[in-house]
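One structure is given here, and the rest of the page talks about it.
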Amino acid sequence: MKKHVIFDIDGTLLDSEESVLLSLQETVLMKKGKHMETEELKFALGIPSEAALRRLGFAEEELAETVQFWGTLTPSYHKYMRIFPGIRETLTALKGKGIRLGIVTSRNRPEYEKDFLPFGLEPFFDTVICADDTIRHKPDGEPVREYLRRQKAQPEEAVYIGDTAYDMACAADAGVESALALWGCASPEHIRADFYLAHPGEIPSVFVREEDPRKNRRWLKWAMELQFIAQAGLTYSKDRFDLERFGRIREIAAEIVSCNTDLSFEQVHDLFCLESGYQTPKLDSRAAIIRDGKILLVQEMTGRWSMPGGWVDMDQTIRENTVKEAREEAGMLVAPVKIVAVQDRNRHNLPPQAYNICKVFILCEPIEGKFERNIETVQSGWFPPDRLPQMDADKTTEEQVAMCFAAAENENWKVLFD
């Protein structure tokens with residue numbers, strides 16, 4: 001879990017590539033009388049303005065005036081700038097987890113104030129490092145080291161997220177982990193990073209997720225390993241004495257879990273001691289049914305609530321199973337639209353289980369239906385994101401509900417997966 005998440009601006013928080021390149025194109029034309037294609041100017045993305053102008057042949061004595069001139073042109077290109085989808089929601093989620101947020105940008109302070117502040121994201125950030133705050137700049141690691149110095153943070157506590165090779169090199173030089181923002185990266189080819197992120201919504205699950213709950217429960221890891229060994233042995237062994245031994249190993253695994261949980265030996269045995277073949281994760285599908293800003297939840301026999309869903313049956317596809325579970329548990333006919341996320345259950349839900357579960361969340365459009373009490377659920381209801389009932393964390397958490405709302409609001413949502 002990271003305590004500090006540091007962002008680049010251009011190509012990471014803001015989609016500003018077209019604005020930067022068009023204004024630079026006009027600057028070169030006006031000052032040098034030379035027309036250059038924007039493709040030729042892409043080297044300027046991610047480095048300070050002065051460095052870009054030097055590479056274009058501007059003399060040192062011209063830099064200050066040319067930077068100022070370039071700055072006077074950018075307002076006319078602001079219409080091309082926007083916040084990347086999912087950024088605001090991601091920043092909100094990170095702040096809600098108590099994460100310190102920072103910015104390390106190649107923009108100088110006046111450029112930052114003029115071009116970034118109008119988007120209203122500044123309140124999310126605790127520390128902002130601009131080009132004029134350090135002597136050396138990207139790809140040197142000094143800007144990120146300056147952030148760490150001001151925050152009194154250790155390199156291992158932070159990650160730097162950017163969209164260029166300069167950003168990744170800056171992070172590496174500062175000794176912090178790097179993450180490439182694929183949503184703003186022109187091409188990831190040959191760009192080495194510690195992490196590759198397809199969508200801003202992946203940031204909390206990758207860097208703020210809690211430690212695997214099994215790590216400090218050695219008995220649980222032992223039980224899972226014994227069960228795995230036993231199941232493989234029962235599948236592939238031919239000797240009847242070995243089969244007896246593997247059967248006993250499986251029983252011992254169940255006894256370990258039973259002695260350390262509220263589950264009886266019979267319950268544990270039924271859960272993961274009756275399978276055969278190579279052991280693989282169980283598959284659980286959940287229907288995120290959202291209409292008019294509210295999500296349809298069902299109340300379990302325990303009194304807690306969850307999204308309708310359950311084990312994917314052997315003869316069902318994920319789509320078919322999602323439709324079936326929504327009809328059985330919520331009485332609702334639904335049309336699955338898109339996958340929201342594929343998650344490792346033990347990393348997101350409590351309590352930890354002695355077997356792996358892969359949870360698939362599917363955004364669904366409600367068609368029609370009427371709830372009827374059944375053997376699994378006692379009632380259903382529509383809830384806005386800020387008025388959720390007590391959730392059954394074993395099946396659905398508030399964070400997972402929020403994730404589905406975010407997916408419903410973002411037509412360009414990218415599937416999240418562990």
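Out of the residues in the stretch 278-302 that are of a type in the set (S, T, N, Q), over 24 Å from the mean Cα position of the chain (by Cα) and open to solvent by less than 60 Å² (accessible area, probe 1.4 Å), state the one that is nearest to Asn410 (Cα to Cα).
Within the stretch 278-302, the match that is nearest to Asn410 (Cα to Cα) is Gln299.
Mind telling me which of the residues Arg240, Arg217 ends up being in contact (Cβ under 8 Å) with a residue 60 or more places away in the chain and over 30 Å from Phe43 (Cα atoms)?
Working: Arg240 fails: in contact (Cβ under 8 Å) with a residue 60 or more places away in the chain.
After applying the criteria, what remains is Arg217.
Of the residues Val159, Val128, Val144, only one is among the aliphatic types (A, V, I, L, M), assigned to a strand (DSSP E or B) and either touching a Gly at 6+ places or on another chain (Cβ under 9 Å) or open to solvent by 10 Å² or more (accessible area, probe 1.4 Å) (or both); which? Talk me through it step by step, then tell me what you get.
Values: Val159 fails: either touching a Gly at 6+ places or on another chain (Cβ under 9 Å) or open to solvent by 10 Å² or more (accessible area, probe 1.4 Å) (or both); Val144 fails: assigned to a strand (DSSP E or B).
Residue meeting the stated conditions: Val128.
Under the condition of being in a loop (DSSP other than H, G, I, E, B), open to solvent by 50 Å² or more (accessible area, probe 1.4 Å) and not hydrophobic (A, V, I, L, M, F, W, C), which residue from the stretch 131-141 is nearest to Leu182 (Cα to Cα)? Give the derivation first.
To start, the set of residues in the stretch 131-141 that are in a loop (DSSP other than H, G, I, E, B) comprises 134-141.
Pick out the ones that are also open to solvent by 50 Å² or more (accessible area, probe 1.4 Å) and you get 135-137, 139.
Then keep just the ones that are not hydrophobic (A, V, I, L, M, F, W, C); that gives 136-137, 139.
Details: Arg136: 26, His137: 22, Pro139: 19 Å.
Going through the qualifying residues, I end up with Pro139.
Those residues that are closer than 17 Å to Leu13 by Cβ, open to solvent by less than 50 Å² (accessible area, probe 1.4 Å) and touching a residue at least 60 places away in the same chain (Cβ under 8 Å), I need them from the stretch 162-182; list them, please.
Taking the stretch 162-182 first, the residues closer than 17 Å to Leu13 by Cβ are 162-164, 166-168, 170-171, 178-182.
If we keep only those that are open to solvent by less than 50 Å² (accessible area, probe 1.4 Å) too, we end up with 162-164, 167-168, 170-171, 178-181.
Of everything in the stretch 162-182, those that are closer than 17 Å to Leu13 by Cβ, open to solvent by less than 50 Å² (accessible area, probe 1.4 Å) and touching a residue at least 60 places away in the same chain (Cβ under 8 Å) turn out to be Gly162, Asp163, Thr164, Asp167, Cys170, Ala181.
Looking at the stretch 61-73, can you tell me whether even one residue there is in contact (Cβ under 8 Å) with a residue 40 or more places away in the chain, under 33 Å from the mean Cα position of the chain (by Cα) and in a helix (DSSP H, G or I)?
Looking through the stretch 61-73, none of the residues is in contact (Cβ under 8 Å) with a residue 40 or more places away in the chain, under 33 Å from the mean Cα position of the chain (by Cα) and in a helix (DSSP H, G or I).
Could you list all residues from the stretch 139-167 that are closer than 16 Å to Phe43 by Cβ and under 19 Å from the mean Cα position of the chain (by Cα)?
As a first pass, look at the stretch 139-167 and keep what is closer than 16 Å to Phe43 by Cβ: 139, 162-167.
The answer is Gly162, Asp163.
Mind checking whether some residue in the stretch 258-277 is within 30 Å of Gln390 (Cα to Cα), touching a helix residue (DSSP H, G or I) at 6+ places or on another chain (Cβ under 9 Å) and surrounded by 19 or more Cβ atoms within 10 Å (Cβ to Cβ)?
yes
Taking the conditions exactly as written (touching a strand residue (DSSP E or B) at 6+ places or on another chain (Cβ under 8 Å) and under 23 Å from Tyr196 (Cβ atoms)), does Leu363 satisfy them or not?
Numbers: touching a strand residue (DSSP E or B) at 6+ places or on another chain (Cβ under 8 Å): yes; under 23 Å from Tyr196 (Cβ atoms): no.
Spelling it out, it is not the case that Leu363 is touching a strand residue (DSSP E or B) at 6+ places or on another chain (Cβ under 8 Å) and under 23 Å from Tyr196 (Cβ atoms).
I'd like the full set of residues that are in a loop (DSSP other than H, G, I, E, B) and farther than 28 Å from Ala354 by Cα, limited to the stretch 364-410. If you could, list the steps in order and put the result at the bottom.
Here is the first cut: in the stretch 364-410, the residues in a loop (DSSP other than H, G, I, E, B) are 370-376, 384-390, 392-397, 410.
Matches in the stretch 364-410: Lys370, Phe371, Glu372, Arg373, Asn374, Pro384, Pro385, Asp386, Arg387, Leu388, Asn410.
Does any residue in the stretch 360-382 that is surrounded by 12 or more Cβ atoms within 10 Å (Cβ to Cβ) come within less than 6 Å, Cβ to Cβ, of a residue that is in a loop (DSSP other than H, G, I, E, B) six or more places away or on a different chain, and which pairs are these?
Close Cβ pairs (under 6 Å, with a partner that is in a loop (DSSP other than H, G, I, E, B)) amount to Gly369/Gly331; Phe371/Gly331; Ser380/Phe371.
For the stretch 26-39: of the residues being open to solvent by 100 Å² or more (accessible area, probe 1.4 Å) and in a helix (DSSP H, G or I), which is modelled with the lowest pLDDT?
Residue satisfying both the conditions and the ranking: Glu39.
Limited to the stretch 312-339, what total is found for residues that are under 25 Å from Trp413 (Cα atoms) and touching a Lys or Arg at 6+ places or on another chain (Cβ under 9 Å)? Steps first, answer last, please.
Let us first name the residues in the stretch 312-339 that are under 25 Å from Trp413 (Cα atoms), namely 312, 317-326, 332-339.
Still in the list and also touching a Lys or Arg at 6+ places or on another chain (Cβ under 9 Å): 312, 322, 325, 332-334, 336.
Count: 7.
Within the stretch 330-349, can one find any residue that is surrounded by fewer than 16 Cβ atoms within 10 Å (Cβ to Cβ), of a type in the set (A, V, I, L, M, F, W, C) and closer than 30 Å to Glu251 by Cα?
No.
Could you tell me which numbered condition Ala186 fails, if it satisfies all but one of (1) aliphatic (A, V, I, L, M); (2) open to solvent by 50 Å² or more (accessible area, probe 1.4 Å); (3) part of a helix (DSSP H, G or I)?
Only one criterion in (1) aliphatic (A, V, I, L, M); (2) open to solvent by 50 Å² or more (accessible area, probe 1.4 Å); (3) part of a helix (DSSP H, G or I) is unmet by Ala186, namely (3).
Please state which one of Ala44, Ala64, Ala59 is open to solvent by 20 Å² or more (accessible area, probe 1.4 Å) and closer than 23 Å to Asp133 by Cβ. Spell out the reasoning first.
Working: Ala44 fails: open to solvent by 20 Å² or more (accessible area, probe 1.4 Å); Ala59 fails: closer than 23 Å to Asp133 by Cβ.
None of the others qualify; the one that does is Ala64.
All but one of (1) at pLDDT below 85; (2) surrounded by 14 or more Cβ atoms within 10 Å (Cβ to Cβ) hold for Arg218; state the number of the condition that does not hold.
For Arg218, the failing item is (2).
Given the residues Gly86, Gly120, Gly102, which is the only one that is loosely packed, with under 14 Cβ neighbours inside 10 Å and more than 19 Å from Leu22 (Cβ to Cβ)?
Numbers: Gly86 fails: loosely packed, with under 14 Cβ neighbours inside 10 Å; Gly102 fails: loosely packed, with under 14 Cβ neighbours inside 10 Å.
The conditions single out Gly120.
Among the numbered conditions (1) open to solvent by 80 Å² or more (accessible area, probe 1.4 Å); (2) assigned to a helix (DSSP H, G or I), tell me where Leu243 comes up short.
With (1) open to solvent by 80 Å² or more (accessible area, probe 1.4 Å); (2) assigned to a helix (DSSP H, G or I) applied to Leu243, the lone miss is (1).
Restricting the search to the stretch 189-212, which residues are over 22 Å from Pro155 (Cα atoms) and open to solvent by 60 Å² or more (accessible area, probe 1.4 Å)?
Matches in the stretch 189-212: Glu189, His190.
The values are calculated or read from the model by the stated rules, or taken from the named source; none is laboratory data. Everything quoted here is computed from the prediction, not taken from an experiment. For neighbour counting, all protein chains shown are included, and Cβ atoms are generated from backbone atoms with ideal geometry for every residue, glycine included. Note: areas computed on protein heavy atoms with side chains; ligands, DNA, RNA excluded. Shrake-Rupley method; radii C 1.70, N 1.55, O 1.52, S 1.80 Å.
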